[in-house]
Amino acid sequence: MTGKTRSIVILTGAGISAESGLGTFRDKDGLWTKYDLSEVATPEGFSRNPVLVHDFYNARRKNLIEALPNAAHAALARLEQSWEGDFLLVTQNVDDLHERAGSKRVLHMHGELRKARCGMCEHVCAWDGDMGIATACPSCGIRQAMRPHVVWFGEMPLYMDEIYAALDSCDLFLSIGTSGQVYPAAGFVAELRRAGRAHTVELNLERSDGHTLFAEGRYGPATQVVPDYVEELLRRL
Ligand code: BJW
């Protein structure tokens, strides 16, 4: 696959961070089995009960700050460093474990948990502490408008122009640790398949519902299958 591979796009999901102790969403102990997503991950839920939503993200932010990147994050950083062609890591994850493992070309299409955004002036800033309904925006000073800088259902994911441009020209697409249930990310593999120029590989704990759309699959824990696959790719460079 590397003989003519010039451009790699990698899509990651919650499964790559599972072994770092961050919960996934749709697995049997996933976040959506404990919380109603319409209450904590929609703009309407935030309007109805901002305290609940802030508590949900404050707890996850604390957990994230204590978590560490794992061997799968490290392997992708190694791949980026060794790869001379185009490279883009698109993550649906709001954690920063890719960056902490050394990845540089990362786009967070669903936002970043360690950032806050003001719903009034749209100011975005780093945020590691708790946030609440009385938190004032550090830029415009308005209270009650600060929210986690994440993308909820019904909101537009970020960086879509850059992502589609990279997908348009990629020859290798890896989908890692995602169930492929949430659009638009879930549609990337079908779009690539229609275009017919990229080799597509799913690396996941188990076959996702859409696994037949991929040309190839590697199954098992991310900390095993991702380093193994990256080593294989680098050996062929
Ligand atoms: C392991 C592992 C290990 C475990 N090793 N693997 C009807 C049809 C089509 C679309 C829609 C529809 N109705 C509504 C929509 C749109 C909606 C949508 O897709 N809904 C679906 C539920 C149907 N999408 C949106 O609203 C998006 N916006 C949008 O579409 O705007 C319009 C638009 C149109 C066209 C172009 C562009 C835009 C916004 C979606 C926002 C999603 N937000 C969340 C929350 C973010 C903040 C937060 O973290 O709280 O993002 S929801 C949640 O799901 C989070 C994730 O990023 C996302 C994906 O989850 P992921 O990563 O796949 O996790 P899981 O848990 O599902 O899967 C984990 C996988 O890992 C599993 O397969 C495990 O097996 C595996 N695994 N352990 C390897 N150790």
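The values are calculated or read from the model by the stated rules, or taken from the named source; none is laboratory data. Please read these numbers as outputs of a predicted model, since none were measured by experiment. Note that we place each Cβ from the backbone using ideal geometry, even for glycine, and neighbour counts take in every protein chain shown. The area values use the complete protein model at the heavy-atom level, side chains included, leaving out ligands, DNA and RNA. Shrake-Rupley method; radii C 1.70, N 1.55, O 1.52, S 1.80 Å.
Residues in region 93-100 include at least one that is out of contact with any strand residue (DSSP E or B) (no Cβ under 7 Å at 6 or more places or on another chain) and surrounded by 17 or more Cβ atoms within 10 Å (Cβ to Cβ). Only residues that are closer than 24 Å to G180 by Cβ and either open to solvent by 30 Å² or more (accessible area, probe 1.4 Å) or away from the ligand (no atom under 14 Å from the Cβ) (or both) were counted in region 111-124, giving 1.
Within region 20-47, the set of residues being surrounded by 19 or more Cβ atoms within 10 Å (Cβ to Cβ) and farther than 26 Å from I133 by Cα comprises S20, T24. Helices (runs of 4 or more DSSP H) fully within region 38-118 that include at least 2 residues being in contact with an Asp or Glu (Cβ under 6 Å, 6 or more places away or on another chain), in the same structural domain as S7 (by TED's automatic domain parsing) and acidic (D, E): none found. State whether the residues of region 14-34 include one that is within 13 Å of the chain's Cα centre (by Cα), away from the ligand (no atom under 11 Å from the Cβ) and farther than 25 Å from M146 by Cα. No, region 14-34 has no match at all.
Among the residues making up region 48-57, those that are more than 12 Å from the ligand (Cβ to nearest atom), open to solvent by less than 70 Å² (accessible area, probe 1.4 Å) and either within 21 Å of the chain's Cα centre (by Cα) or in contact (Cβ under 8 Å) with a residue 12 or more places away in the chain (or both) are P50, L52, H54.
Condition check for P157 on (1) under 15 Å from the mean Cα position of the chain (by Cα); (2) within 13 Å of N58 (Cβ to Cβ); (3) open to solvent by less than 30 Å² (accessible area, probe 1.4 Å): one failure, at (2). Count of region 222-237 residues, restricted to those that are open to solvent by less than 60 Å² (accessible area, probe 1.4 Å) and out of contact with any Lys or Arg (no Cβ under 8 Å at 6 or more places or on another chain), is 6. Considering only region 209-221, I want to know if a residue exists there that is more than 9 Å from the ligand (Cβ to nearest atom), buried (at least 16 other Cβ atoms within 10 Å of the Cβ) and of a type in the set (S, T, N, Q). Checked region 209-221: no residue is more than 9 Å from the ligand (Cβ to nearest atom), buried (at least 16 other Cβ atoms within 10 Å of the Cβ) and of a type in the set (S, T, N, Q). If the condition is being near the ligand (Cβ under 10 Å from one of its atoms) and surrounded by fewer than 13 Cβ atoms within 10 Å (Cβ to Cβ), then region 165-189 contributes only Y183. Do you know which residues across region 17-37 are of a type in the set (F, W, Y) and either in a helix (DSSP H, G or I) or within 13 Å of L97 (Cα to Cα) (or both)? Once the filter is applied, which keeps residues that are of a type in the set (F, W, Y) and either in a helix (DSSP H, G or I) or within 13 Å of L97 (Cα to Cα) (or both), region 17-37 yields only W32. Name every residue in region 190-208 that is more than 7 Å from the ligand (Cβ to nearest atom) and polar (S, T, N, Q), in order of residue number. T200 - this is the single residue of region 190-208 that is more than 7 Å from the ligand (Cβ to nearest atom) and polar (S, T, N, Q).
Only residues that are of a type in the set (F, W, Y) and under 16 Å from A116 (Cβ atoms): list them for region 32-58, please. Answer for region 32-58, where residues must be of a type in the set (F, W, Y) and under 16 Å from A116 (Cβ atoms): F46, F56, Y57.
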